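Here is the structure we will look at, set down as structure tokens.
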Ligand SMILES: [Zn+2]
Ligand SMILES: [Zn+2]
């Protein structure tokens, strides 16, 4: 079915004289005339509306436009500039915006006020739409008003196009197979990242981080400008992260490429042997928010060293007591300088002794989200109660700690 443009009634009867006087004083090009009636009827372009309006008013067309001063004839030039910029980026969808001369916008307001019409469309909307149509046709990509991959903003005064590129997000789970690696880059505490003798002019406290190991491969392929790492919590630097790994979302800002070969990327990351990643897939900003809000139980394996050896029976009793009590924890000494001193109550959901060799024990614990596990073991000068040291009546030192599992999603496993 073809839309036959219905002849629209552009204005109410009796307005002709007023319009003739207005266009006489301030001549407008056909398109600018038509735009004043943009919201009347359907199926016509502003240019066609303008042609009809002027012929009804028996007025001549002019190119010398008081309002746009020829801007509407530059659509193809602007589209060309936009296409040049957009061609540099991988994209499926785009959006066109523009910055116009403020004087032009003032003139437009004056005109609207004077004519007291309610049927106009702003010139900005027309330029965005018309340039968008040309770009859509020439690039074969579609405009998206909500979440475009790339937005091109034309500065019509400078004939310059600025692009805003939406970030890409990659979900995955990481395992940290060695100790001594922070999750994210840790700037040098002396120079705060500028580089000094203390950090061997690297600007950071640790050579590697999970983020940087992953970034090294992702950024090569994405050719992004910056990156951010969003982990579902984090483990201590000296703890390994094993099992199914820890969920994260890796964000790339201003990526030149958006469709990445995630299989190849994970293969290259995993070759390094320090950190490996599984289940990489495309993600989005909403997932970052939900990931940050998740609270999950965790299972740990902890190697501890007792001040004095204890009998198997005594050890088993102590471990059992941990499961049966509420654990009251004041903010640990190691973090109280940056966090409020509060009490929290957590539970140990499972606890078992895996091995005993003299004064060295291996214990496996499943705890609720947010439990301070090291403090649960050594007691933190009595700030965590009960604690394993108190229950065994000897000093207990945490030698090694690994996160074995983050129980996201599974109810009981
Ligand atoms: Zn004009
Ligand atoms: Zn430094």
- prompt: Over the Cα atoms of the range 192-253, what is the Rg over Rh ratio if Rh follows Kirkwood?
  reply: 1.01
- prompt: Fewest to most neighbouring Cβ within 10 Å: what's the order for 214, 333, 75?
  reply: 333, 75, 214
message: P(r) for the range 169-292, please, calculated from all Cα pair distances in 5 Å bins and given in %.
response: 2, 12, 20, 23, 20, 14, 7, 2, 0
task: Rounded to whole Å and ordered largest first, report the semi-axes of the equivalent ellipsoid of the range 297-407 derived from its Cα gyration tensor (root of 5λ).
output: 21, 15, 13
statement: Here the relative contact order (percent) of the range 169-292, from C-alpha pairs under 8 Å and at least 6 apart, is 39
task: Kindly rank 40-47, 196-203 from highest to lowest mean number of other beta carbons found within 10 Å of each residue.
output: 40-47, 196-203
task: Kindly express, to the nearest 10 degrees and within the range 0 to 90, the angle between helix 312-324's C-alpha long axis and the longest C-alpha principal axis of the chain.
output: 30
task: Pull up the DSSP beta bridges for the chain and report the antiparallel fraction as a percent, rounded to 5.
output: 85
- line: Computed on Cα atoms, Rg of the range 16-165 relative to 2.2 N^0.38 Å comes out at 1.11
field: Folded to 0 to 90 degrees: helix 123-139 orientation relative to the chain principal axis, Cα
entry: 70
statement: Computed over the chain, the distribution of all Cα-Cα distances in 10 Å bins, rounded to whole %, is 4, 16, 18, 15, 12, 10, 10, 8, 4, 2, 0
- prompt: So for 227, 76, fewest C-beta neighbours within 10 Å to most, what's the order?
  reply: 76, 227
message: Using a 10 Å cut-off around each Cβ, can you sort 261, 64 from fewest to most neighbouring Cβ atoms?
response: 64, 261
- prompt: Taking the Cα atoms only, what angle lies between the long axis of helix 46-56 and the longest principal axis of the chain, rounded to 10 degrees?
  reply: 20
field: Average Cα contact separation per residue, the chain, under 8 Å, 6 or more apart, as relative contact order %
entry: 13
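Values in this text are rule-based calculations from the coordinates and carry no lab data. As the structure is a prediction and not an experimental result, all values here were calculated from the model. FYI the Cβ positions are ideal-geometry reconstructions off the backbone, even for glycines, and counts take in every protein chain you see.
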